[in-house]
1. I'm told Leu112 meets every condition in (1) under 16 Å from Gly158 (Cα atoms); (2) in a loop (DSSP other than H, G, I, E, B); (3) among the aliphatic types (A, V, I, L, M) except one. Can you identify the failing condition by its number?
2. So the check is Cβ under 7 Å with 6+ separation or different chains; which pairs have a first residue in segment 302-316 that's more than 11 Å from Val329 (Cα to Cα) and a second one that's part of a helix (DSSP H, G or I)?
3. Name the pairs whose Cβ atoms lie under 6 Å apart, with the first residue in segment 130-157 and part of a strand (DSSP E or B), the second surrounded by fewer than 20 Cβ atoms within 10 Å (Cβ to Cβ) and among the polar types (S, T, N, Q), and 6 or more positions between them or separate chains?
4. So, in segment 137-175, of the ones that are of a type in the set (Val, Ile, Thr) and at pLDDT 80 or above, which residue ends up nearest to Ala250 (Cα to Cα)?
5. Just one of (1) in a loop (DSSP other than H, G, I, E, B); (2) under 23 Å from Pro252 (Cβ atoms); (3) of a type in the set (D, E, K, R) trips up Glu276, so point out which.
6. Among the listed residues Ala349, Ala365, Ala361, identify the single one that is surrounded by 15 or more Cβ atoms within 10 Å (Cβ to Cβ), over 28 Å from Val255 (Cα atoms) and of a type in the set (Gly, Ala, Ser).
7. Name the residue that is nearest to the chain's Cα centre (by Cα), counting only residues in segment 215-240 that are free of Cβ contacts under 8 Å to residues at least 24 places away in the same chain and part of a helix (DSSP H, G or I).
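The values are calculated or read from the model by the stated rules, or taken from the named source; none is laboratory data. As the structure is a computational prediction, the values presented were derived from the model and not from experiment. Glycine gets a Cβ as well: all are built from the backbone with ideal geometry, and neighbour counts include every protein chain shown.
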Amino acid sequence: MRPLGNSICATLLLGLALLAQQPPGQQQPPTQPTPTPTPAPAPGAGGGNVPARPTQPTQPTQPRQPQQTTPEEDIFSQKRGITGRIVPNPGTRLRIELYLDGMRLDDTFTDLDGKFKFERVTTGSRRYEVHIEVGPGKEYVEEVDFSFEATIYIREQGIRDTAFSNSPGKGRGTMISLASLQVPKDAAREFQRAHQARDKKKFDEALTRLQKATEIYPKYAEAFNEMGLVYRNQNQPAEAQKAFEKAIAADPAWVASYLNLAQIQLANNQTAQLLETSNKILQLDPTIGAGHFFHAVADFSLGNLEEAEKSALEADRHDHKTVPQVHLVLARIYQRQNRIPEYLKHLRAYLKEAPDTPLAAKLRAEIEQAEKPVTSDK
């Protein structure tokens with residue numbers, strides 16, 4: 001599942017109607033230098049790169065170059081960090097914390113495929129406890145061995161309420177489909193085969209297997225959601241929308257399907273429906289930046305600038321790594337209100353968070369043009 005990822009950028013830029021034209025060419029971001037891995041010491045006495053004693057006369061020895069690897073460096077360059085992934089695939093970023101003997105060591109976010117890495121931990125040779133935030137006031141807890149890359153299978157019995165589960169303003173949505181945790185093995189097998197077929201771009205086979213999975217288990221929200229993603233990849237938005245709606249019906253508390261549905265509604269300029277869907281997202285989990293973003297776009301399209309600003313600022317306060325376009329919304333709101341400093345601030349913020357956007361050249365020219373009157377007054 002990939003409700004928010006590379007595909008969302010194109011979808012959002014298409015649906016926003018905030019910038020009428022794209023530049024004729026795409027400006028590529030500067031290439032970052034790639035660090036060269038340090039070679040490991042060659043086998044031999046002392047564990048270094050010093051050759052064994054020669055048996056034949058040799059040329060005068062050159063000054064020995066300093067060794068490029070030390071045991072300490074090796075820990076940090078090669079073994080630093082422990083990794084894993086979450087199953088089922090959350091389809092959105094989940095916060096995950098790492099504990100040892102009751103002490104929190106590190107925290108991170110999964111990527112959209114459920115993979116994660118704790119950067120500050122140097123070894124995985126001990127058993128740790130992970131706490132995964134699966135919804136407002138809900139977490140999954142499990143003891144995990146990170147000797148190798150760990151796969152964490154979310155089980156309903158491991159989900160518990162946190163101390164903040166009854167706090168005001170907390171929703172009741174989940175970032176993992178709890179209904180899909182009950183799936184029978186044969187339905188799960190069809191789902192996995194559908195995944196494999198999709199990865200090989202065998203979309204018809206993938207859809208057939210997903211259909212079979214949902215026939216075996218009609219509440220298989222994850223399979224309906226995956227079906228929607230396949231249809232979306234094939235540029236069949238109407239079918240994708242129906243599939244996402246079936247996923248919502250199968251598991252109304254699962255947020256990911258609402259986020260996918262909102263993308264379709266945004267791309268199709270279904271403003272009223274987008275406003276309704278974004279309201280449901282925020283009822284389920286008011287901390288989702290993308291939910292506030294969709295709400296802001298809907299309000300902006302309807303001319304409700306005050307409400308749009310409020311929602312966009314709320315999105316900016318929360319994790320919005322997948323939707324840097326929130327800064328474009330704020331820029332356009334402030335542009336309409338003739339609040340030039342704020343307008344320029346958010347154009348720059350968008351370029352910083354999305355440096356490879358195809359709109360980069362246009363936005364930089366727009367900033368330069370907007371700053372001209374300010375420069376001429378000095």
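1. In the conditions (1) under 16 Å from Gly158 (Cα atoms); (2) in a loop (DSSP other than H, G, I, E, B); (3) among the aliphatic types (A, V, I, L, M), Leu112 misses (1) alone.
2. Qualifying pairs under 7 Å: Leu302/Thr271; Glu307/Asp299; Glu314/His292.
3. Sorted first by the residue in segment 130-157, then by its partner, the pairs are Glu139/Thr162.
4. Thr174
5. (1)
6. Ala361 is the lone residue from the list that is surrounded by 15 or more Cβ atoms within 10 Å (Cβ to Cβ), over 28 Å from Val255 (Cα atoms) and of a type in the set (Gly, Ala, Ser).
7. Ranking the candidates gives Met227 first.
Condition check ((1) more than 25 Å from His320 (Cα to Cα); (2) not β-branched (Val, Ile, Thr)) across all residues:
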residue: Gly114; (1), (2): no, yes
residue: Glu119; (1), (2): no, yes
residue: Glu129; (1), (2): yes, yes
residue: Ile132; (1), (2): no, no
residue: Pro136; (1), (2): no, yes
residue: Glu142; (1), (2): yes, yes
residue: Phe146; (1), (2): yes, yes
residue: Glu149; (1), (2): yes, yes
